[in-house]
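Notes follow the structure.
Derivation of every value follows stated rules applied to the coordinates shown; laboratory data play no part. All values derive from a computational prediction rather than experimental measurement. Here the Cβ is made from the backbone with ideal geometry for all residues, glycine too, and neighbour counts use every protein chain on show.
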Amino acid sequence: MSAVATGFLVITTIVAFTKHHIIAALLSWWSGIVTFIFMAINLALYLKVRSQMRNLGTIEDTDFGPGFWMSLAVLILTLIAGFVLLIEHRRARTGVETGTSYRYASNNGFFSRFRK
């Protein structure tokens, strides 16, 4: 991971523990964009080095290694975290503390609205 993407993730984590879930979600998506740019640069450098290695005529070869796959996992988890923070923002905004924010989640159940 790049230092910039890691810095954004640390700031996002700190903001996520406050009540500002929408800001944390936006920061999470921004961190995802920075991580994606970092991965694209990593991939471009890898392809350039592999091309140069093949032009040398040696039997040595390059490999992605675990760093690329860890960056991909961080990207996926960062984007999922952004969606989770948006869901938490919606739940906190509706003010429902029972774990669900649906209108028909009352004591009488969904079908009570059809009874006369």
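Tabulated values for the structure
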{"read-out": "Residue pairs meeting the criteria (Cβ under 8 Å; at least 6 apart or on separate chains; first β-branched (V, I, T), in segment 65-77; second in a loop (DSSP other than H, G, I, E, B) and surrounded by 11 or more Cβ atoms within 10 Å (Cβ to Cβ))", "value": "V74/M1"}
{"read-out": "Single residue of segment 1-15 satisfying the filter (out of contact with any Phe, Trp or Tyr (no Cβ under 9 Å at 6 or more places or on another chain) and of a type in the set (A, V, I, L, M)) that is nearest to P66 (Cα to Cα)", "value": "A3"}
{"read-out": "Filtered residue count, segment 16-51, keeping only those that are closer than 14 Å to F68 by Cβ, polar (S, T, N, Q) and crowded, with 19+ Cβ neighbours inside 10 Å", "value": "1"}
{"read-out": "Residue among M39, M70, M53 that is farther than 18 Å from V4 by Cβ and part of a helix (DSSP H, G or I)", "value": "M53"}
